[in-house]
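Chemist: Got a structure for you, questions after.
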Amino acid sequence: MDQEREVAALRRMIAEARRGVVFTGAGISTESGIPDFRSPTGIWAQMRPIYFHEYVASREARREAWRRKFASEPVMRAAEPNRGHRAVARLVREGRVSAVITQNIDGLHQASGIPEEKVIELHGNGTYAHCLDCRRRYEIDDLRAAFEREGDVHDCHACGGLIKTATISFGQAMPEAAMRRAETEILAADLCIVLGSSLVVYPAAGFPEMAKRNGARLVIVNNEETGLDDIADLVIHRGIGDVMGGAVGVN
Ligand code: NAD
Ligand code: ZN
């Protein structure tokens with residue numbers, strides 16, 4: 001199919017849906033300048049992930065995690081929502097999409113104007129940090145200043161616990177409330193649109209699969225093949241901004 005027909009097919013599916021849900025991965029934010037994980041230019045091509053158990057066990061692993069975090073900060077901070085984010089925000093505003101379930105930690109869905117309560121973050125949020133024990137919040141800028149002064153991030157002032165970005169690392173438990181909300185939204189939807197996820201990270205990738213099994217239509221927009229192309233009703237192997245912008249009528 002050519003692009004125009006694919007976009008038209010997507011537009012039709014959106015029009016026919018009673019209640020949509022959008023599921024996003026790192027691919028929706030590459031057009032904002034944030035690298036994804038699994039593309040050839042992605043982050044995993046350059047370094048291996050730090051697992052949660054390593055972070056908790058090793059001061060050196062924590063230092064390395066913070067060094068990476070502070071190095072990625074300028075890009076994260078400069079990033080703004082792109083055409084794909086804007087198209088999704090419009091679908092939410094119009095009431096066609098009830099929630100956005102995201103694997104991203106960049107906060108760009110919220111920045112595009114989607115109300116906080118309609119964004120379900122499965123892997124947490126990288127724009128701030130918190131204590132792993134008492135959950136007290138810490139700002140990245142303050143931690144950076146301490147890191148530059150002392151060569152390390154301090155422990156929690158309130159309870160002495162370890163401070164970590166508010167993201168979910170490999171090997172770390174998934175956030176229960178977000179998982180429950182995501183399941184509720186998935187089971188209530190008759191359309192699930194997946195944008196920019198390779199659909200290989202579980203349990204997150206299980207949600208689009210659950211939607212399909214529950215009778216919803218499944219649409220996948222991704223530059224390359226994904227783990228669920230075989231069961232999708234519509235697969236579009238193109239850039240997200242153009243496809244979603246075209247389907248929704250957003251520039
Ligand atoms: P992924 O890197 O595994 O997959 C991204 C997919 O998007 C790839 O298949 C890639 O081909 C595709 N893609 C990239 N740019 C695209 C574009 N403009 N149009 C269409 N397709 C495009 O990412 P994932 O599935 O989200 O899973 C990996 C983990 O990465 C997630 O758990 C997430 O927490 C984390 N992550 C988040 C960010 C972020 O917050 N922006 C960035 C990197 C990684
Ligand atoms: Zn604490």
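The values are calculated or read from the model by the stated rules, or taken from the named source; none is laboratory data. Being a predicted model, the structure only gives us computed values, none of them experimental. Note that each Cβ is placed from the backbone with ideal geometry, even for glycine, and that neighbours are counted across all protein chains shown. Each accessible area value is taken on the protein alone, full model and side chains, heavy atoms only, with ligands, DNA and RNA left out. Shrake-Rupley method; radii C 1.70, N 1.55, O 1.52, S 1.80 Å.
Chemist: With the full set of protein chains in place, find how many percent of the accessible area of the chain is carbon and sulfur; take the probe as 1.4 Å.
Modeler: Result for the chain: 48 percent of the exposed heavy-atom area is carbon or sulfur.
Chemist: Here's a follow-up. Find the percent of Cα-Cα distances in the chain that exceed 25 Å, and round it to a whole number.
Modeler: In whole percent, the share of Cα-Cα pairs in the chain beyond 25 Å is 43.
Chemist: Also, I was wondering about something else. Report, for the chain, the % of DSSP beta bridges that are antiparallel, rounded to 5.
Modeler: Here the antiparallel bridges make up roughly 25 percent for the chain.
Chemist: Hey, got the Cα dimensions of region 1-117 along the principal axes, in Å, largest first?
Modeler: 53, 34, 26
Chemist: In the full protein assembly as shown, how much of residue 184 is accessible to a 1.4 Å probe, in Å² to the nearest 10?
Modeler: 90
Chemist: Next question. About its Cα centre, how strong a charge dipole does region 130-251 have in debye, to the nearest 20, once Lys and Arg get +1 and Asp and Glu get -1 at the Cβ?
Modeler: Taking the Cα centre of region 130-251 as origin, the dipole is about 320 debye.
Chemist: What number, rounded to the nearest 500 deg cm²/dmol, is the helix-based mean residue ellipticity at 222 nm of the chain, given -39500 (n - 2.57) per DSSP H run of at least four residues and division by all its residues?
Modeler: Rounded to the nearest 500, the figure is -11500 deg cm²/dmol.
Chemist: Helix 176-188 sits at what angle to the longest principal axis of the chain, using alpha carbons and giving 0 to 90 degrees rounded to 10?
Modeler: For helix 176-188, the angle is close to 0 degrees.
Chemist: Here's something else I'd like to know. So which lysines pass the test for residue 164, namely a Cα distance under 23 Å, with those fewer than 8 places away in the same chain ruled out?
Modeler: Leaving aside lysines fewer than 8 places away in the same chain, those within reach of residue 164 are 69.
Chemist: Could you sort 106, 133, 242 by their accessible area in this structure, using a 1.4 Å probe and putting the largest first?
Modeler: The most accessible residue leads, giving 133, 242, 106.
Chemist: With an 8 Å Cα cut-off and a minimum separation of 6 or more residues, compute the relative contact order for region 159-251 in percent.
Modeler: Reported as a whole number, the value is 21 percent.
Chemist: Which whole-Hz ³J(HN,Hα) couplings does region 4-9 yield from phi under the Karplus relation 6.51 cos²θ - 1.76 cosθ + 1.60, θ = phi - 60°, glycine and proline marked x?
Modeler: Rounded to whole hertz, the list is 4, 5, 5, 5, 5, 5.
Chemist: Find how much the distance from residue 231 to residue 60 grows on full extension, using 0.36 nm per residue of separation minus their present alpha carbon separation; answer in nm with one decimal.
Modeler: 57.2 nm is the gain from fully extending residue 231 to residue 60.
Chemist: Based on the alpha carbons, how large is the Rg to Rh ratio for region 67-123 when Rh follows Kirkwood?
Modeler: 1.03
Chemist: Still on this structure, please answer the following. Take region 176-251, compute every pairwise Cα distance, and split them into 5 Å bins from 0; I just need the percent in each bin.
Modeler: Answer for region 176-251: a P(r) of 3, 16, 25, 23, 19, 11, 3, 0 percent.
Chemist: When only C-alpha pairs under 8 Å and at least 6 residues apart count, what is the relative contact order of the chain, in percent?
Modeler: Normalised by residue count, the contact order of the chain is 25 percent.
Chemist: How long are the semi-axes of the equivalent ellipsoid of region 79-188, defined as square roots of 5 times the Cα gyration tensor eigenvalues? Whole Å, largest first.
Modeler: Rounded to whole Å, the semi-axes are 30, 17, 10.
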